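The values are calculated or read from the model by the stated rules, or taken from the named source; none is laboratory data. Since the structure is predicted, the reported quantities are computational estimates derived from the model, not experimental observations. Cβ placement follows ideal geometry from the backbone for every residue including glycine, while neighbour counts extend to all protein chains displayed. These area figures cover heavy atoms from the full protein model, side chains too; ligands, DNA and RNA do not enter into them. Shrake-Rupley method; radii C 1.70, N 1.55, O 1.52, S 1.80 Å.
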Amino acid sequence: MSTQDFDALKLSNAQIAWRAAQDIADGTYVNLGIGFPEMVARYQPPGRQTIFHTENGILDFGEPPAEGEEDWDLINAGKRAVTLKPGAAFFHHADSFAMVRGGHLDVAILGAYQVAETGDLANWRIGSKGVPAVGGAMDLVHGARQVFVITEHVTKDGKPKLVERCSFPLTGVACVTRVYTSHAVIDIVEGRFVLREMRPGLAFDTLQAMTGAALHRDGPVTDLLAPALYSPLA
Amino acid sequence: MDKQVASAAEAVAGIGDGATVMIGGFGGSGAPIELIHALIDKGPKGLTVINNNAGNGRIGIAAMIDAGLVKKMICSFPRSSDPRAFTDRYLAGEIELELVPQGTLAERIRAGGAGIPAFYTPTGFGTELAEGKVIAEFDGRSYVQERWLKADFALIKAHLGDRHGNLTYNKAARNFNPLMCTAAETTIVQVSEIVPLGGIDPEHVVTPGIFVDRVVEIADPAQEEVLIRAGAVYA
């Protein structure tokens, strides 16, 4: 299969976010990383309630307000204006990170430059140039009961993002539990990538060739499906 | 007991060259703009500034950097919609950066205010930000030792205050402000309104006055994000 054919089978970012959202159970507390992971909030299955946490001190925030209605003291970690849902709470930064580090969050969903089969994550800087900035990423990867990564399966120039060992600076060691890519859903179990779902029409050998570490099959591998979605951010 | 002072200029009195200054806020929310600008007018040099970020646009902390007040930033995320002030000086080697994960920054300040000289956190283990730090294993997991963080002064934005220094905050403008109140030798607070004693229900006090030294009323304070969007410059 050519790179073009591999590319043609991929899910859009919105579809990756949708697929991850299906695994967030009712009644959970969830932190979504800045940017792409924020899309997951849009695709919550009906009938399930999730309370979203933002590091800067809000539980249970909702959609952005209409333009012109922003209150800039009511923002998320990405510094975007948000609204509150009934039952929301404010707290200071030490309490906020007690929620993170203390194991009180059920799920954190983050983007990635690279994920290693060991569960190591690299998502905060690519090289040593420029101004380094880490924010809350290193805290978020420790403490949430499950750490999901959503990502393209390969880089823009076709290099694997799922690797044996990360070559970029680490955000955390052995912290990722599940990866949702444009082509597959993969669990990290005892230092191995275990394939759970892959795109229909994709051959295992092709997926393996696009992955920088061994893919294991410990049980059934099902089709990775997502509805057609329109997203202005996709 | 009366901690009120009459003006922002009076509030920042005594902040001299080489001081370490915590400044509350997360991005534009909770940033004490009037106190920062009063400090720029006073003009101390060689400051170490502790904040989550490293300034935005040409106001607030960015204006402090532009005015050459800042020798070192201790922060988690020195980026913003317009980070030129910090970025230019950093890339020119004119300003130091101590980069700290956000939760570790919060806990170091909390520890400083609580008299806890060091603590262990899983955050940063195995990363370049833990290089050179003491590592210890507890119950089979590795943790990084982090030291407390204290300051000579804290500049804080709160909502309501009374003359004892009891404070409330506005929404997510709370962020680092209550922590920084506890961790500075002299804590200086601007509030939107000073209310009479008893005007804040004791059940609703977020920062008890024991952590506060000076309170100045700045009615209708500037909001950093609003200034940024208006392209404001402080010079």
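Restricting attention to region B:39-60, and to residues there that are open to solvent by 10 Å² or more (accessible area, probe 1.4 Å) and in a helix (DSSP H, G or I), which single residue is farthest from residue B:149 (Cα to Cα)?
Restricting to residues being open to solvent by 10 Å² or more (accessible area, probe 1.4 Å) and in a helix (DSSP H, G or I), the top hit is B:41.
Against the definition (out of contact with any Cys (no Cβ under 9 Å at 6 or more places or on another chain), more than 26 Å from residue B:86 (Cα to Cα) and modelled with pLDDT of 95 or more), how does residue A:177 come out, yes or no?
Taking the combined requirement at face value, the residue satisfies it.
Please determine, by comparing only the residues of region B:103-121 that are at the interface with chain A (Cβ under 8 Å from one of its Cβ atoms) and open to solvent by 10 Å² or more (accessible area, probe 1.4 Å), which one is farthest from residue B:179 (Cα to Cα).
B:107
Considering region A:104-137 alone, what residues qualify as being closer than 30 Å to residue B:167 by Cβ and either within 16 Å of the chain's Cα centre (by Cα) or within 12 Å of chain B (Cβ to nearest Cβ) (or both)?
Step one: list which residues in region A:104-137 are closer than 30 Å to residue B:167 by Cβ, which gives A:104-105, A:133-136.
Correct list: A:105, A:133, A:134, A:135, A:136.
Condition first: open to solvent by less than 10 Å² (accessible area, probe 1.4 Å) and within 14 Å of another protein chain (Cβ to nearest Cβ). Now tell me which residues in region B:10-38 satisfy that.
Within region B:10-38, B:22, B:23, B:24, B:25, B:26, B:28, B:29, B:30, B:31, B:32, B:33 meet the criteria.
Take residue B:96 and tell me if it is more than 10 Å from chain A (Cβ to nearest Cβ), open to solvent by 60 Å² or more (accessible area, probe 1.4 Å) and within 19 Å of residue A:129 (Cβ to Cβ).
Yes; evaluated as a whole, the condition is true for this residue.
Residue by residue through region A:172-201, note down the ones that are in a loop (DSSP other than H, G, I, E, B) and open to solvent by less than 20 Å² (accessible area, probe 1.4 Å).
Hits for region A:172-201 are A:175, A:176, A:182, A:183.
Mind telling me which of the residues B:185, B:203 ends up being surrounded by fewer than 16 Cβ atoms within 10 Å (Cβ to Cβ), in a strand (DSSP E or B) and more than 14 Å from chain A (Cβ to nearest Cβ)? If you could, list the steps in order and put the result at the bottom.
On the way: B:203 fails: in a strand (DSSP E or B).
It is B:185.
Select from region A:50-79 the residues that are in contact (Cβ under 8 Å) with a residue 24 or more places away in the chain, at the interface with chain B (Cβ under 7 Å from one of its Cβ atoms) and of a type in the set (D, E, K, R) and list them in ascending order.
The answer is A:55, and nothing else.
Does residue A:153 qualify as being open to solvent by less than 20 Å² (accessible area, probe 1.4 Å) and touching a His at 6+ places or on another chain (Cβ under 6 Å)?
Against the criterion (open to solvent by less than 20 Å² (accessible area, probe 1.4 Å) and touching a His at 6+ places or on another chain (Cβ under 6 Å)), residue A:153 qualifies.
Just one of A:136, A:103, A:143 is closer than 24 Å to residue B:100 by Cβ and either of a type in the set (S, T, N, Q) or buried (at least 24 other Cβ atoms within 10 Å of the Cβ) (or both); which is it?
Criteria check complete, one pass: A:136.
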